[in-house]
Amino acid sequence: MSQIKILCLGDVVGVGGCRYLGGGRLRRMRETLGADLVIVNGENSAVGNALSPDSAEEIFEAGADVITGGNHTFKKKQIYDYLDSHKMAIRPANYPSDAPGDGYCIADCMGWRVLVINLLGTTFMDSMDSPFKTADRILSQNKGRYDVCLVDIHAEATSEKMCLGRYLDGRVSAVFGTHTHVQTADARVLPGGTGYITDLGMTGSEAGVLGVKTECIIHKFTVRTPVYFEPAEGSYAAHGALFTVDTSTGLCTEAVGITF
């Protein structure tokens, strides 16, 4: 059986999260795990969250092959031209078609064509096209152009993520959730052969709340007035999942939660 291993990492938070992956750490972990491709969600990686050209470059230089986005992707206008010119950095596909960048890419992995789709949930989030129908459209448009397919569903509701996993079960290699910054304990292979985890977690400081200084979040919940979310510092970690895919079928044989 020919197989490839794909490492997917949760939302990178701020400068600290980017630096944590750098310095050879991500490359060493990639080698240790035997990962052939690395997908990283970078939508919180810039100063003040969002994705910037600088933070995207840091993530690529650290060893990522594909960067996915989310609801903060377009917060900094500097990223617009970058997304148009860097095809391995993608944004949610269910944004309107005239938004900058693309919602999917096809990455080369040792000669295998890996389709990576980025989707945004619609429950408790901004109104977008249906992630379900958007996934159907992209899969149909790219039929015959890919061997393996992974889907990043950036969503608030666990039910929406799980439902999309079931909806695509047997049709894609893996579905992984991002956005909520807490790694879930449900990495598994669904009955149809699709790898799944509800949320990868985050890459950043675990010293605060979801990568932000604790006092900022306490202020938000108690005082309720606006507050700048300063990134927490110290106790860094990267959370994600490793999917093993049988290239002869395009289906997943193993899904494991990863922390380093």
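To the nearest 0.05, what FRET efficiency results for E31 and T253 with a Förster distance of 22 Å applied to their C-beta separation?
Values: r = 21 Å, r/R0 = 0.95.
Efficiency for this residue pair is about 0.55.
Trypsin sites (Lys or Arg not before Pro), restricted to region 77-155: which are DSSP loop and have at most 10 other Cβ atoms within 10 Å?
On the way: sites: K77, K87, R113, K133, R137, K143, R145; in loops: K77, K87, K143, R145.
Here the trypsin sites (Lys or Arg not before Pro) that fit, given the DSSP loop and packing criteria, are K77, K143, R145.
Tell me, in nm to one decimal, what length is gained between K77 and E206 on full extension, where the rule is 0.36 nm per residue of separation less the Cα-Cα distance?
Fully extending the segment from K77 to E206 adds 43.6 nm.
Considering only protein heavy atoms and a probe of 1.4 Å, how much of the accessible area of the chain is carbon and sulfur, as a whole percent?
For the chain, the apolar C and S fraction of the accessible surface comes to 52 percent.
Binning every alpha carbon pair distance of region 191-260 at 5 Å from zero, what are the percents per bin?
P(r) over region 191-260, rounded to whole percents: 4, 16, 16, 15, 12, 11, 9, 8, 6, 3, 1, 0.
Cross-link list K77/K143; K75/K143; K87/K220; K5/K87: which exceed 27 angstrom alpha carbon to alpha carbon?
Violating the 27 Å Cα-Cα cut-off are K77/K143; K75/K143; K87/K220.
Stokes-Einstein diffusion coefficient for the chain at 20 °C in a medium of 1.002 mPa s, Rh from the Kirkwood formula over Cα pairs: what value in µm²/s?
Answer, rounded: 119 µm²/s.
Relative to the longest principal axis of the C-alpha atoms of the chain, give the angle of the C-alpha long axis of helix 53-62, reported between 0 and 90° and rounded to the nearest 10°.
With both axes taken from Cα atoms, the answer is about 60 degrees.
So which chymotrypsin sites (Phe, Trp or Tyr not before Pro) in region 91-126 are both in a DSSP loop and have at most 15 other Cβ atoms within 10 Å of their Cβ?
Passing both the DSSP loop test and the Cβ count: F124.
Enter the Cα centre distance for the pair region 64-142 and region 1-62, rounded to the nearest angstrom.
Distance between centres, Cα-based: 17 Å.
How are the C-alpha pair distances of region 117-172 spread across 10 Å bins, as whole percents from the shortest bin up?
23, 57, 18, 2
By average Cβ neighbour count within 10 Å, what is the ranking of 194-203, 243-252 from highest down?
Top to bottom by mean Cβ count within 10 Å: 194-203, 243-252.
The values are calculated or read from the model by the stated rules, or taken from the named source; none is laboratory data. Owing to the predicted nature of the structure, the values given are computational and were not obtained by experimental measurement. Here Cβ is always computed from backbone atoms with ideal geometry, including for glycine, and neighbour counts include all displayed protein chains. Only protein heavy atoms, including side chains, enter the accessible area calculation; ligands, DNA and RNA are left aside. Shrake-Rupley method; radii C 1.70, N 1.55, O 1.52, S 1.80 Å.
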